[in-house]
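Here is the structure we will look at, set down as structure tokens.
Only the coordinates and a few stated rules stand behind these numbers; no lab work does. Note that the coordinates shown come from a computational prediction; the quantities given were computed from them, not determined experimentally. A quick note on method: Cβ atoms are made from the backbone with ideal geometry, for glycine too, and the neighbour counts reach across all protein chains shown.
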Amino acid sequence: MASERKVVQEATRRVLLKDYLVRESARAGFGGLDIQRTPMGTRVTLVCERPGILIGRRGELIKQLTQDIENRFRLDNPQIEVQEERQPSLNAQLMAEKLASTLERGWHFRRAGHSTVRRIMEAGARGCQVILSGKLTGERHRTERFKAGTIKYCGEAVHLHMDKGFYQARLKPGVIGVNVWIMRPSAKLPDEITVKGAAPKPAAPVAADLPPVVEGEVVAPLPDLPPPEGAT
């Protein structure tokens, strides 16, 4: 088998596995997926908002999910690790799912978009962008953007500091695509430079820094300066 075909098959398998896990962990709050090949097999790291729902009592649900993945996708000795998302408001995938659920409950798209952006920024993000696309108000497709803070669209900063999530809201007029982009609070952009060892400039003296005048103290007058040469 050609190497190109192997790459295509592996990428297709990862996409199908992600879609399957998104459906299976919908109640637990799917927040991300990481697949790594190890000498012992395939390690699947699943990030959820409520991992207890996915694990089940005594790990029964996670064992069944592991068997289903092995049989359906033919992975070599899969090992699923479930991690809890400590900051759900800074997880782009979780916020996309919450926004889609809000739209399905009947919220107006502008109110839901601004509310999501405000919640993300209050959590400490450096920037965020929400993109809603679909039949928002009529029969024609349109796109609405809600943005706050700093957002990067290309370059190395996108791969290092940007978190992206996508979900679909199924409404009666049609399907609305929900894209959420979040710049992490720990992001340090290339144009932000700090000079080490630079001494701060001394501040100008203010009235509060001058010595106080004691009541009854005689202040000597300033000496008279001689007139300049040529002055009459």
- Query: Using +1 on the beta carbon of Lys and Arg, -1 on that of Asp and Glu, and nothing else charged, what's the dipole of region 88-183 about the Cα centre, debye to 20?
  - Reply: 340 debye
- Query: What's the extension gain from I53 to M40 if we count 0.36 nm per residue and subtract their Cα-Cα distance?
  - Reply: 2.0 nm
- Rank these for me by crowding, C48, C154, C128, going from fewest to most other beta carbons within 10 Å. C154, C48, C128
- Note on the structure: Scalar couplings 3J(HN,Hα) for region 64-76 by Karplus 6.51 cos²θ - 1.76 cosθ + 1.60 (θ = phi - 60°), nearest whole Hz, x for Gly and Pro, are 5, 5, 5, 5, 5, 5, 5, 7, 7, 10, 6, 8, 7
- Task: Only loop residues by DSSP count here, and only those with at most 10 other Cβ atoms within 10 Å; note down the chymotrypsin sites (Phe, Trp or Tyr not before Pro) in region 143-203 that meet that.
- Result: Y153
- Query: So which GluC sites (Glu not before Pro) in region 138-201 pass both tests, a DSSP loop state and at most 11 other Cβ atoms within 10 Å of the Cβ?
  - Reply: E139, E192
- One finds, for E84 and K18 with R0 = 22 angstrom and r their Cβ-Cβ distance, a FRET efficiency to the nearest 0.05 of 0.70
- Note on the structure: The simple spin-label model distance between S186 and R170, using points 7 Å out along Cα→Cβ, in nm, is 3.7 nm
- Task: Using the structure shown, select from K135/K164; K6/K172; K18/K135; K63/K172 the pairs with a Cα to Cα distance greater than 32 angstrom.
- Result: K6/K172; K63/K172
